[in-house]
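The values are calculated or read from the model by the stated rules, or taken from the named source; none is laboratory data. Small disclaimer: the values here were computed from a predicted structure and weren't measured. Note that we place each Cβ from the backbone using ideal geometry, even for glycine, and neighbour counts take in every protein chain shown. Accessible surface areas use protein heavy atoms only, side chains included; no ligands, DNA or RNA. Shrake-Rupley method; radii C 1.70, N 1.55, O 1.52, S 1.80 Å.
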Amino acid sequence: MQTRRTKKDFRFQYVRLCFTLPATLGDRGKTPYERLNVPEDLARWLIELGISDFALQFCEDDLVMTKRVREAIQRAGEALATAHPLDGKDLKEINAIAMVPPPVPQLTEDGRSVIWKTTELRSVLSMISRDLIDLATGPLSAHVKMCANASCRGIFVDESRPKNRRWCSMQTCGNQMKKFRARKGVKA
Ligand SMILES: [Zn+2]
């Protein structure tokens, strides 16, 4: 069943794990749209990410720490997308949080797949940072891109065969651009 996604919904589809966190801030190129406003939003994000089964208790400091890591990851993604060196402070931030033990693997009931669990926020942020490290040092690093919608600035990995993906998502930015072009009479 296809449910319509609203602006306040978190972004997981077509987003590499490490960029699901930066995607909690939308419309980065114009007036940013914050999806993590209160600690409860963070608890909901972890449930939707599949890391926790119930709402964990967080405080304002947790939110501040999460956003600090989030912005370091966003800038690291932008650096990869534009082939610029990574900022030294961001590098420190990402490496420091990656020191924390990541979530643990748990076998699902059918014994065929794995889910990752933890009740520690720092552990989740570690997993996110480690995923960025994997990406930056692996073969896909050359295919990290920034969304062609200038008001979005979402970061994604172009895994399409012709390597011609331009939007963070066809459902949001790609679709918007198609409508915009149709209105203006420009061929997509
Ligand atoms: Zn986009």
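Things to note:
- Where a residue in the range 162-174 is within 17 Å of residue 144 (Cα to Cα) and its partner, wherever it lies, is assigned to a helix (DSSP H, G or I) and near the ligand (Cβ under 10 Å from one of its atoms), with Cβ under 8 Å and at least six apart: 166/174; 167/173; 167/174; 167/177; 168/23
- Scoring residue 137 on the criteria (1) touching a residue at least 24 places away in the same chain (Cβ under 8 Å); (2) open to solvent by 60 Å² or more (accessible area, probe 1.4 Å) leaves a single failure, condition (1).
- Sole exception among (1) within 16 Å of the ligand (Cβ to nearest atom); (2) over 26 Å from residue 34 (Cβ atoms) for residue 107, by number: (1)
- Among the residues making up the range 143-158, those that are within 16 Å of the chain's Cα centre (by Cα) and part of a loop (DSSP other than H, G, I, E, B) are 147, 152, 153, 154, 158.
- Boolean, residue 149 is crowded, with 19+ Cβ neighbours inside 10 Å and either aromatic (Phe, Trp, Tyr) or within 20 Å of residue 28 (Cβ to Cβ) (or both): yes
- Annotation note: of 104, 100, the sole residue that is open to solvent by less than 30 Å² (accessible area, probe 1.4 Å), among the aliphatic types (A, V, I, L, M), modelled with pLDDT of 95 or more and over 15 Å from the mean Cα position of the chain (by Cα) is 100.
- Sole exception among (1) open to solvent by 50 Å² or more (accessible area, probe 1.4 Å); (2) charged (D, E, K, R); (3) in contact (Cβ under 8 Å) with a residue 12 or more places away in the chain for residue 109, by number: (3)
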